[in-house]
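Notes follow the structure.
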Amino acid sequence: MIRKTIIATLLIALALSPLSACSNNAQGTPDESVTAEETTVEETTVEETTVEETLADKYLKFGESKELISTKTVDVLVDTFNKVYGDICDFFNDGKMLKVTYVIDPDYDGVAYASGGKIVLSKKWIKQNPNDTDCMTHELVHIAQNYGSNVCPGWITEGLADYGRAKFGLNNKKGGWSLPKYDKSQKYTDSYRVTAAFFIWLEENVDETLPKDLNDTIKAGEYRNAYFVNKTGKKIDELWQMYADASKK
Ligand SMILES: [Zn+2]
């Protein structure tokens with residue numbers, strides 16, 4: 001008798017359980033246990049994808065124009081992006097990564113330029129100088145600088161971009177690119193490599209926090225002409241003179 005009752009109870013329980021689940025769904029009532037399970041599955045999927053995705057997969061769009069240059073050069077450019085973009089964003093943009101589109105321009109006579117999340121590279125230039133892939137490292141610094149309407153002299157913007165190229169570039173030597181030694185014909189306002197070499201000297205000899213602090217100050221909209229004197233106790237012309245004197249020794 002007891003055994004019969006247990007079997008009967010089990011049968012009733014089995015018969016009722018699917019019914020109750022169906023009635024829940026039919027009424028449109030969310031079934032919490034099912035929702036929780038689905039969320040877990042989704043999270044696992046995202047995690048797995050993140051591990052496999054490269055920075056280029058996530059942040060670089062290389063449009064159809066890549067067919068204008070060799071696949072070997074495209075591969076180097078993508079590989080360079082994967083290796084330098086994280087460090088560049090850590091240094092120049094508090095680790096925040098913006099999406100970038102690369103465009104190869106068959107008609108552009110310059111080297112490369114960055115504008116509104118896009119970097120345009122001259123087809124002619126990269127075909128004639130296939131090892132100059134770090135010209136894109138310079139442009140990626142501009143993407144991360146993202147100074148917008150924040151004001152600072154152009155020589156600082158370009159000096160920091162070449163500072164970033166010198167610091168993070170992978171192929172500078174092979175690409176025939178290097179920082180110049182001091183020469184009396186130079187001035188800190190010369191921009192690009194001349195200013196970058198000066199910034200590196202300041203970093204190594206005056207204040208190691210200067211280049212990053214300068215970038216962060218510009219981004220905060222707080223750059224003023226008195227920046228260098230406030231930061232180092234010396235005017236920019238005095239610092240340049242110190243650099244000149246040290247280079248003559
Ligand atoms: Zn530039």
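FYI, it's all coordinate maths here, none of it is from the lab. Everything numeric in this text was worked out from a predicted model, so none of it was measured. Because the Cβ atoms are built from the backbone with ideal geometry, glycine has one as well, and the counts that use them run over all protein chains shown.
Points to keep in mind about this one:
- Using the Cβ-Cβ distance between Met242 and Glu52 with R0 set to 51 Å, the FRET efficiency from 1/(1 + (r/R0)^6) comes to roughly 0.55.
- For the stretch 100-114 versus the stretch 128-178, the gap between their alpha-carbon centres in whole angstrom: 14
- Applying 0.36 nm per residue to the separation of Asp216 and Phe62 and subtracting their alpha-carbon distance, the gain on full extension is 52.5 nm.
- Between Asp207 and Ser70, the distance separating the two model label sites (each 7 Å from Cα on the Cα→Cβ line) works out to 4.6 nm.
- Estimated at 0.36 nm per residue, the fully extended path between Lys96 and Asn230 surpasses their Cα-Cα distance by 45.5 nm.
- Shape category assigned to the stretch 71-185 from the gyration tensor of Cα positions, a/c cut at 1.5: rounded
- Shape call, the stretch 151-249: gyration tensor on alpha carbons, a/c limit 1.5: oblate
- Based on C-alpha pairs under 8 angstrom that are at least 6 apart in sequence, the stretch 151-249 has a relative contact order of 30 percent.
- Among the trypsin sites (Lys or Arg not before Pro) within the stretch 68-150, those in coil by DSSP and having at most 16 neighbouring Cβ atoms inside 10 Å are Lys96, Lys99.
- Two-site FRET efficiency, Lys123 against Ser149, from Cβ-Cβ distance with R₀ of 41 Å, rounded to 0.05: 0.80
- For the stretch 144-249, the set of GluC sites (Glu not before Pro) satisfying both a DSSP loop assignment and a count of at most 14 other C-beta atoms within 10 Å is given as Glu208, Glu222.
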